[in-house]
Amino acid sequence: MDLRVRPTQALKGEIIPPGDKSISHRAAIFAALADGLSEVTGFLEADDCRSTLRCLEGLGVEVERCGEGTLKIRGQGPEGLREPEDVLDAGNSGTTMRLLMGVLAGQPFYSVLTGDRSLRRRPMARVADPLRQMGAQIWGREGGNLAPLSIKGGGLRPIDYSLPVASAQVKSAILLAGLAAEGETVVREPVPARDHSERLLEFCGVRIKKEDWKISLWGRQRLRPFQIRIPGDFSAAAFFLVAACVHPRAEIVVRNVGLNTTRTGLLTVLTDMGAEIRVYPEGTSAGEPYGVVSARSSNLRGTKIGGPLIPRLIDEIPVLAVAAAVAEGQTVIQDAAELKVKESDRIATLAMELRKMGARIETLPDGMILEGGTLHGAVVDSHGDHRLAMALVVAGLIAEGETVVRGAECMAVSYPGFMSDLEALLK
Ligand code: S3P
């Protein structure tokens, strides 16, 4: 689908972002493992999270859909899962595949996991290696690095594992497998990544020890069923926050958005760039803080980002690059080699597409250098990457002339209502 975007006079109003994607996946998976009926509201109704539900149903889990964003999931403990009759399809969703690898490693049966073209190219050895060390058998292309993957689990032993890359998906997979092992599993992080799994496991009554950059839990603990209201996705809100900052006549208020600090690195960076952003914390839901964030037209300056900040804003780099492309001066993004193995190689695809709009970008092996300037409309491509598609729409709002975003349908992976939410702000 081609999407035409024109610069808008003004950008004003309120947004309630859709439910958090990372928490939605985890809520569904943990509910499936719990002992009884869980109720989820604010579940993200998007392709990625539907992939998780479909896979869980393939494993024999009962999921009742009770209207927009509301689900009832009947868990029967980990031993309630059944050998799937068919291949489990994670679609475009890395979180679905990697977290389920952790679950399936603890199951005595045989299962096969696959995904779309993008997901079948993404590295899975980072999960398969530690799970094999715990005793799971995993096969796949490239020695088990690429899906389709076959898994025969069960009989796991605990592990003390230092993650080679900061990854919440790998951390979560090991913790899920650790729940099936007898004894204490320890995961050490090079840099803290998002901690939704730890928070939700605690919410389910699992005792989990969180020290600096080290998480441990004892296996064979039961998960209590739960009721959860999932806050809005900060990564979805990020497109509007950046749009407000870069647009000359904008003021946007985002309500009910998750404010977990392992996710909100973008706020730190935008503030550092001179953005007029305000944060109003309101409370916590299932251990996750949420609140209101407002942003308005700002004079942004370039900045330098790297180190421990990167995992806290890794998914926001596509839209942050748009901000950097129109900020005053230079922005340097480093320590972000993980961008290369996201839904697309985001270092390459961002540079390729933003250059078509006049941005000056130099790519680095682990990031990019952007020189601020102005953007002009162009025909650009999403490369099937939802966050790239939405970042390009934001660029189109401030570019001179018309921008056409090709392959924009992939926005449905994380945010099917993105365009209608945006249209409500256009003045
Ligand atoms: C996610 C973790 C991150 C992130 C992804 C969602 C999660 O990936 O980029 O969009 O829900 O755990 P990594 O775990 O590979 O860092």
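Scanning the stretch 186-209 for residues that are open to solvent by 10 Å² or more (accessible area, probe 1.4 Å) and in a helix (DSSP H, G or I), we see that the one that is farthest from Ser24 (Cα to Cα) is Glu202.
With respect to Ala275, is the statement that it is modelled with pLDDT of 95 or more and farther than 25 Å from Ala168 by Cβ true? First the steps, then the outcome.
Values: modelled with pLDDT of 95 or more: yes; farther than 25 Å from Ala168 by Cβ: yes.
Answer is yes for this residue.
Using the structure shown, decide if Gly67 is without any contact (Cβ under 8 Å) to a residue 12 or more places away in the chain, part of a loop (DSSP other than H, G, I, E, B) and either crowded, with 24+ Cβ neighbours inside 10 Å or more than 16 Å from the ligand (Cβ to nearest atom) (or both).
So Gly67 passes the test.
The numbered conditions (1) surrounded by fewer than 24 Cβ atoms within 10 Å (Cβ to Cβ); (2) assigned to a helix (DSSP H, G or I) are all true for Arg224 except (2). Restricted to strands (runs of 3 or more DSSP E) entirely inside the stretch 320-407, those with at least 3 residues that are farther than 18 Å from Pro7 by Cα are 330-333, 360-364, 367-371. For the stretch 268-285, the set of residues classified as of a type outside the set (D, E, K, R) and open to solvent by 20 Å² or more (accessible area, probe 1.4 Å) consists of Thr268, Thr271, Gly274, Ile277, Val279, Tyr280, Pro281, Gly283, Thr284, listed by residue number. Here the condition is being open to solvent by 20 Å² or more (accessible area, probe 1.4 Å), within 22 Å of the chain's Cα centre (by Cα), of a type outside the set (Ser, Thr, Tyr) and assigned by TED's automatic domain parsing to the domain that holds Cys204; of Ala90, Ala125, it holds for Ala125 alone.
The combined condition, being under 27 Å from Gly205 (Cα atoms), open to solvent by less than 40 Å² (accessible area, probe 1.4 Å), modelled with pLDDT of 95 or more and touching a strand residue (DSSP E or B) at 6+ places or on another chain (Cβ under 8 Å), is fulfilled by Gly291. Of all the numbered requirements in (1) open to solvent by 10 Å² or more (accessible area, probe 1.4 Å); (2) within 15 Å of the ligand (Cβ to nearest atom), Gly183 misses one, and that requirement is (2). Screening the candidates Leu56, Leu113, Leu99 for the property of being assigned to a helix (DSSP H, G or I), buried (at least 19 other Cβ atoms within 10 Å of the Cβ), away from the ligand (no atom under 14 Å from the Cβ) and touching a residue at least 24 places away in the same chain (Cβ under 8 Å) yields one hit, Leu56. For residues in the stretch 5-46 being surrounded by fewer than 19 Cβ atoms within 10 Å (Cβ to Cβ) and either within 16 Å of the ligand (Cβ to nearest atom) or of a type in the set (Gly, Ala, Ser) (or both), which is farthest from Phe234 (Cα to Cα)? Ranking the candidates gives Gly36 first.
The values are calculated or read from the model by the stated rules, or taken from the named source; none is laboratory data. For clarity, every value in this text was computed on a predicted model and none was experimentally measured. Cβ sites come from the backbone with ideal geometry, for glycine too, and all protein chains shown count toward neighbours. Quick note on the areas: whole protein, heavy atoms, side chains included, nothing else; ligands and nucleic acids left out. Shrake-Rupley method; radii C 1.70, N 1.55, O 1.52, S 1.80 Å.
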